[in-house]
Amino acid sequence: MTLADGVSSQDEVKLPPELRRFVLFPGVKWPHKNHKAAIEAFDAYLRWSGSDLRLVMCGGACAENRFSFLPSDDRLSDRVMDLGLVPDDMLRALFARAEAVIFPTEYEGFGIPVLEAAYQGKMVVASGLAVFDEILGPSTYRRIADSQCHLR
């Protein structure tokens with residue numbers, strides 16, 4: 001399969017074998033993106049559900065490292081992985097293989113990751129922001145009313 005821009009499909013990119021079922025959180029590690037809250041909510045979900053899902057984060061540190069949230073090694077495990085900045089072909093493969101995409105940001109200018117996820121037919125779990133309502137439609141994604149990920 002060839003995508004619109006002439007790039008080959010995700011089948012040519014080999015993801016790590018442990019990435020069978022995962023939720024994707026693509027985003028630069030700015031504090032307002034809520035990586036820490038997402039990890040905590042995901043840990044609580046795993047304890048509650050016993051799911052075999054993994055949380056896969058990708059995206060680099062923000063331009064000013066003093067503001068960046070980079071998860072410490074004790075927050076990462078075989079269930080929570082931070083791949084850092086990944087090449088475009090791997091990013092496409094991650095979107096294609098993800099069970100869902102989460103994006104619990106406190107604010108967003110446009111929201112390319114949620115638009116990409118919706119385009120690929122993925123379940124989107126995102127903050128209930130006006131920008132996401134506008135680009136996705138308020139009934140087409142799972143809205144997080146609280147950006148700190150209180151999803152219980």
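The values are calculated or read from the model by the stated rules, or taken from the named source; none is laboratory data. Computed from a prediction, not measured in an experiment: that's the story for all the values here. Positions of Cβ are generated from backbone atoms using ideal geometry, with glycine treated the same way; all protein chains shown enter the neighbour counts.
Cβ-Cβ below 9 Å, separation at least six or inter-chain, first residue in the range 49-61 and outside any loop (DSSP other than H, G, I, E, B), second buried (at least 20 other Cβ atoms within 10 Å of the Cβ) and among the charged types (D, E, K, R): which pairs?
Once the first residue is outside any loop (DSSP other than H, G, I, E, B) and sits in the range 49-61, its partners that are buried (at least 20 other Cβ atoms within 10 Å of the Cβ) and among the charged types (D, E, K, R) give 57/29.
Among helices (runs of 4 or more DSSP H) lying entirely in the range 81-152, which contain 3 or more residues that are under 17 Å from residue 28 (Cα atoms) and out of contact with any His (no Cβ under 7 Å at 6 or more places or on another chain)?
Ranges flagged: 88-97, 112-119.
Looking at the structure I just gave you, is residue 63 buried (at least 17 other Cβ atoms within 10 Å of the Cβ) and modelled with pLDDT under 85?
It is false that residue 63 is buried (at least 17 other Cβ atoms within 10 Å of the Cβ) and modelled with pLDDT under 85.
Cβ contacts < 8 Å: first residue within 17 Å of residue 102 (Cβ to Cβ), restricted to the range 131-146; second residue at pLDDT below 80 and of a type in the set (Gly, Ala, Ser), any location; separation 6+ or different chain. Result?
Close Cβ pairs (under 8 Å, with a partner that is at pLDDT below 80 and of a type in the set (Gly, Ala, Ser)) do not exist here.
Given (1) under 23 Å from residue 53 (Cα atoms); (2) out of contact with any Asp or Glu (no Cβ under 7 Å at 6 or more places or on another chain); (3) modelled with pLDDT under 85, identify the lone condition not met by residue 105.
(3)
Would you point out the residue of the range 2-31, among those that are surrounded by fewer than 16 Cβ atoms within 10 Å (Cβ to Cβ) and either on the phi > 0 side of the Ramachandran plot or outside any loop (DSSP other than H, G, I, E, B) (or both), that is modelled with the highest pLDDT?
Step by step, filter the range 2-31, then rank; the result is 31.
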